[in-house]
There are 2 protein chains.
Amino acid sequence: MAGRARIPEATVTRLPVYLRSLLELASDQVSTVSSERLAELSGVNAAKVRKDLSYLGSYGTRGVGYDVGFLVDQVGRELGTTRDWPVVIVGLGNLGRALANYHGFGTRGFRVAALVDADPALVGESIGELTVVSIDQLESVVGQGQVAVGIVATTAGSAQDVADRLVSAGVCSILNFAPVVLSVPSGVSLRNVDLSMELQVLTFYQHQAHPQHLGSASV
Amino acid sequence: MAGRARIPEATVTRLPVYLRSLLELASDQVSTVSSERLAELSGVNAAKVRKDLSYLGSYGTRGVGYDVGFLVDQVGRELGTTRDWPVVIVGLGNLGRALANYHGFGTRGFRVAALVDADPALVGESIGELTVVSIDQLESVVGQGQVAVGIVATTAGSAQDVADRLVSAGVCSILNFAPVVLSVPSGVSLRNVDLSMELQVLTFYQHQAHPQHLGSASV
DNA sequence: TAGATTGTTAATCGATTAACAATC
DNA sequence: TAGATTGTTAATCGATTAACAATC
């Protein structure tokens, strides 16, 4: 009974893509899919699909392909999408509000369970079906609601403090939208989404392809 | 005069992080920084910082470090942050609205130049300083405004069509928030931000660490 | 059996990082 | 000169992918 090999980080980030493709196939009543087709739908290479799926187990049938329903179950089980994942959003500015109202969350077990802000002017306001509570109540909200994931949508200046408090309160998954490098203890998962940074990467390539011509022919 | 070596993708994605750290140092009146310190601020390894920066040129001084102001200029020049980057946002739902109102964009040359939606009920509405125009005018808006970047914040169903039209109109950088794999011709840069996917990756790790106990001890 | 497709190996590719000569 | 720190090499690590035996 040797332990299963650790799933590589790169594979983990692709599992949700496969799951999305598989759910689409399922809703189209497709019952079987080849690695070739799943790769095409997911925008990757077929060998990579097979390698990735092989980390989960031998779920395919040679000469046939993968059973869509079965694979949805297995990938979903791996990702924990059948669990309930209560989320707290800290910071109800433009972005936090949008996330609070975003209903795409619900699909994979995610549920916005609490809204927290430091601004007294926002506390008590209703957004969707929830009421914004004070940052002073962060710990109690996290404790009560058994919050699993913290979304940091504050300013850069407050983000580290909020992250520290989330971690202290027992949250071990953090999604950070603040434009700052957060430090969290090992054992806590952290992912960052930074819109300005994504745009800078995009425009890097455009800038390299078509550098601004400001009169000087070369440097 | 051999052409400069191509900058690796992984390095490109870190340049904006370095730039942010450098701007922070500059605003703190720090004039010189070592790779060690810059690495710490950026959450990476010092050797990686030196390697990454070496792709841009030999901008450091042995025994001393890097001049903060000079490095800000060089990294900024590489990323094109001194250029004006007009952005069109397509899809003014919760997320599109938040992005339209997001002022963090302005900092690196990004400027929301147009808002586009297919819903006639939204056309004509003012959001911030702009008015939502019909998707029918996408091509003319992109052409007129010399739009450089398209942000796709539509539903999954419309995203590919919108992307195709953006590309036809001459946009060659697309940031996609719709939960779908887009295909774009080579020469067009595409980056994806998917909130549900980020959350699934986070909870994968939490789920692996603390699997749900539903009565069965093992499988 | 013939055709199809997986699961896995091994080769390749690219990214990370330790180490250290160069040099301020 | 002694200490500090870069720039670069080379070793290591990990991810990708072509290839193909296994097998439906």
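The values are calculated or read from the model by the stated rules, or taken from the named source; none is laboratory data. These numbers were taken from a predicted model, which means no experiment stands behind them. For neighbour counting, all protein chains shown are included, and Cβ atoms are generated from backbone atoms with ideal geometry for every residue, glycine included.
In summary, A:Tyr66 fulfils each of the numbered conditions (1) over 30 Å from A:Ala178 (Cα atoms); (2) of a type in the set (Ser, Thr, Tyr); (3) assigned to a helix (DSSP H, G or I) with the single exception of condition (3).
For the range A:166-177, check the following and say yes or no: at least one residue is within 30 Å of B:Asp84 (Cβ to Cβ) and modelled with pLDDT of 95 or more. The answer is yes, given that some residue of the range A:166-177 is within 30 Å of B:Asp84 (Cβ to Cβ) and modelled with pLDDT of 95 or more.
B:Ala118 fulfils the conditions (1) of a type outside the set (Asp, Glu); (2) surrounded by fewer than 19 Cβ atoms within 10 Å (Cβ to Cβ); (3) touching a strand residue (DSSP E or B) at 6+ places or on another chain (Cβ under 7 Å) except for a single criterion, (3). For the range A:191-215, filtering for residues that are touching a strand residue (DSSP E or B) at 6+ places or on another chain (Cβ under 6 Å) and either of a type in the set (Gly, Ala, Ser) or more than 8 Å from every other protein chain (Cβ to nearest Cβ) (or both) leaves 1. If you go through the range A:26-55 and keep only what is crowded, with 17+ Cβ neighbours inside 10 Å and part of a loop (DSSP other than H, G, I, E, B), you end up with just A:Val44. Going by the conditions given, is A:Leu25 within 12 Å of chain B (Cβ to nearest Cβ) and under 23 Å from the mean Cα position of the chain (by Cα)? Against the criterion (within 12 Å of chain B (Cβ to nearest Cβ) and under 23 Å from the mean Cα position of the chain (by Cα)), A:Leu25 does not qualify. Please determine, by comparing only the residues of the range A:12-22 that are over 11 Å from A:Leu38 (Cα atoms) and of a type outside the set (Val, Ile, Thr), which one is nearest to DNA strand D (Cβ to nearest atom). The residue in question is A:Arg14.
Quick one: how many residues across the range A:142-159 are away from every other protein chain (no Cβ under 12 Å), surrounded by fewer than 22 Cβ atoms within 10 Å (Cβ to Cβ) and modelled with pLDDT of 95 or more? So the count comes out to 1.
Okay, residues lined up against (1) at pLDDT below 95; (2) farther than 24 Å from B:Gly109 by Cα; (3) within 14 Å of DNA strand C (Cβ to nearest atom):
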site	(1), (2), (3)
B:Gly3	yes, yes, no
B:Pro16	no, no, no
B:Glu24	no, no, no
B:Val44	no, yes, yes
B:Gly60	no, yes, yes
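Among residues of the range B:90-107 that are surrounded by fewer than 22 Cβ atoms within 10 Å (Cβ to Cβ), those with a beta-carbon under 6 Å from a residue that is of a type in the set (Ser, Thr, Tyr) at least six positions away or on a different chain give the pairs B:Asn94/A:Tyr102; B:Gly104/A:Ser196.
Among the residues examined, A:Val68 does not qualify as more than 10 Å from chain B (Cβ to nearest Cβ), of a type outside the set (Ser, Thr, Tyr) and under 30 Å from A:Ser158 (Cβ atoms).
Among the residues here, A:Val17 does not qualify as within 11 Å of chain B (Cβ to nearest Cβ), in a helix (DSSP H, G or I) and free of Cβ contacts under 8 Å to residues at least 12 places away in the same chain. Of the candidates B:Val87, B:Val72, the single residue that is within 30 Å of A:Leu92 (Cβ to Cβ), of a type in the set (A, V, I, L, M) and modelled with pLDDT of 95 or more is B:Val87.
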